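Colleague: One structure, pasted below without further comment.
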Amino acid sequence: MAHLPNKIGDLNYFCRMVTILAIESSCDETASSICRDGKILSNVITGQAIHEKYGGVVPELASRAHIQNIVPVVDAALQSADCELSSVDCIAFTQAPGLIGSLLVGSQFAKSLAIALNVPLVAVHHMQAHVLANLIGAPVPAFPFLCLTVSGGHTQIVLCDSAVSMKVIGESIDDAAGEAFDKSAKLIGLPYPGGPFIDKYARQGDPDRFKFPEPQIPGLNFSFSGLKTSFLYFLQENITRDPAFIEKNLPDICASIQKRIVSILLNKLKKASLETGIKNICIAGGVSANSFLRESFIEMGKDYQWNVFIPKFEYCTDNAAMIAITGYYKYLAGDFAPLSTSASARAEW
């Protein structure tokens with residue numbers, strides 16, 4: 001059985017440098033990172049281009065690619081950090097949520113490595129890791145803080161009291177913001193993943209050219225399904241009148257739908273700040289790489305005197321550095337996972 005540090009009896013627990021090897025495999029990126037004493041030494045990510053021609057991630061193909069990629073990626077992370085496998089003190093891995101086949105590849109590899117090295121195992125919730133990406137490198141937010149986590153599968157407002165204590169206070173009741181970006185992009189013929197392409201074309205467009213409705217959802221929850229339907233009807237109506245409508249108006253279409261998605265996100269975040277009185281505000285997740293969201297977030301922060309924090313681009317999309325930093329804080333808290341821990345496509349916080 002792996003040795004689990006004892007906070008009271010093991011003085012070395014507080015004195016020694018802790019090295020975490022992290023593995024992320026929740027979707028279609030195979031990633032590994034080395035974190036030593038809370039500092040990220042490497043962050044290696046391998047994507048899977050095969051999904052582009054299908055317009056979305058194919059789960060079976062994703063899990064097979066993880067099997068091929070995981071050993072080279074972990075090896076590259078160790079080499080990049082100039083770290084020997086024998087110096088690793090703990091293995092952190094993404095337990096949930098995600099594609100179950102992909103998660104199983106990462107979790108089984110992590111468990112095997114923990115057994116081989118006789119080190120403890122830490123199970124990480126993928127969305128909590130997105131939140132704690134804000135703790136990688138200065139400046140970092142002071143607790144408590146709010147974090148808007150926006151990805152292809154999740155849209156949430158999270159209240160963080162500490163690195164190991166957080167709760168969701170608002171979330172999408174249907175589709176995620178990232179899905180709204182990608183589905184909108186697909187409707188206008190942009191490649192997958194479409195969010196970055198909308199961002200690209202929107203920079204040349206007029207965000208006020210076309211108007212789309214903002215759903216009136218009570219509380220701090222979000223909804224994007226109605227917006228997607230409205231966008232579909234808008235396109236159908238205009239294409240009926242002019243088959244070349246999209247081609248003629250692509251930048252303005254992208255800028256207008258992007259503005260509405262971002263306004264939905266930030267209006268709820270503003271409401272959360274006013275209700276809680278918290279002014280340390282973060283964003284995280286793959287969609288936080290969107291340039292208009294980042295710029296609008298910073299501007300709103302100025303208007304409401306927030307202290308705003310955004311992870312570096314490399315820590316916004318799925319990556320293992322965020323798993324590593326979360327694993328580090330869970331290690332310090334003594335929150336270890338048994339080898340019987342199973343991966344889960346869905347998991348509550």
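Colleague: Name every residue in the range 335-345 that is out of contact with any Pro (no Cβ under 7 Å at 6 or more places or on another chain) and either among the aromatic types (Phe, Trp, Tyr) or within 17 Å of ALA22 (Cα to Cα) (or both), in order of residue number.
Modeller: Residues satisfying the conditions are ASP335, ALA337, PRO338, LEU339, THR341, SER342, ALA343.
Colleague: What do you reckon, is GLY219 over 22 Å from ASN249 (Cα atoms) and in a helix (DSSP H, G or I)?
Modeller: no
Colleague: Can you say whether ASP199 is acidic (Asp, Glu) and open to solvent by less than 20 Å² (accessible area, probe 1.4 Å), as far as the supplied structure shows?
Modeller: yes
Colleague: Tally the residues that are within 20 Å of ALA343 (Cα to Cα) and surrounded by fewer than 24 Cβ atoms within 10 Å (Cβ to Cβ), restricting the search to the range 129-142.
Modeller: Residues that pass the stated criteria total 0.
Colleague: Then there's this: Name the single residue, out of those in the range 97-122 being of a type in the set (A, V, I, L, M) and surrounded by fewer than 23 Cβ atoms within 10 Å (Cβ to Cβ), that is nearest to the chain's Cα centre (by Cα).
Modeller: LEU99
Colleague: Just give me the residues in the range 261-294 being polar (S, T, N, Q), under 22 Å from GLY153 (Cα atoms), part of a helix (DSSP H, G or I) and open to solvent by 10 Å² or more (accessible area, probe 1.4 Å), in sequence order.
Modeller: SER263, ASN267, SER291
Colleague: Identify, please: which residue in the range 189-246 is among the β-branched types (Val, Ile, Thr) and more than 29 Å from the chain's Cα centre (by Cα) and is, among those, nearest to GLU295 (Cα to Cα)?
Modeller: Among residues in the range 189-246 that are among the β-branched types (Val, Ile, Thr) and more than 29 Å from the chain's Cα centre (by Cα), the one nearest to GLU295 (Cα to Cα) is ILE246.
Colleague: Ok, one more. Scanning for something touching a strand residue (DSSP E or B) at 6+ places or on another chain (Cβ under 8 Å), in a helix (DSSP H, G or I) and either open to solvent by less than 60 Å² (accessible area, probe 1.4 Å) or of a type in the set (S, T, N, Q) (or both), does the range 170-192 turn up at least one residue?
Modeller: Yes - at least one qualifying residue is present in the range 170-192.
The values are calculated or read from the model by the stated rules, or taken from the named source; none is laboratory data. For clarity, every value in this text was computed on a predicted model and none was experimentally measured. Positions of Cβ are generated from backbone atoms using ideal geometry, with glycine treated the same way; all protein chains shown enter the neighbour counts. Side chains included, ligands, DNA and RNA excluded: accessible areas come from the protein's heavy atoms. Shrake-Rupley method; radii C 1.70, N 1.55, O 1.52, S 1.80 Å.
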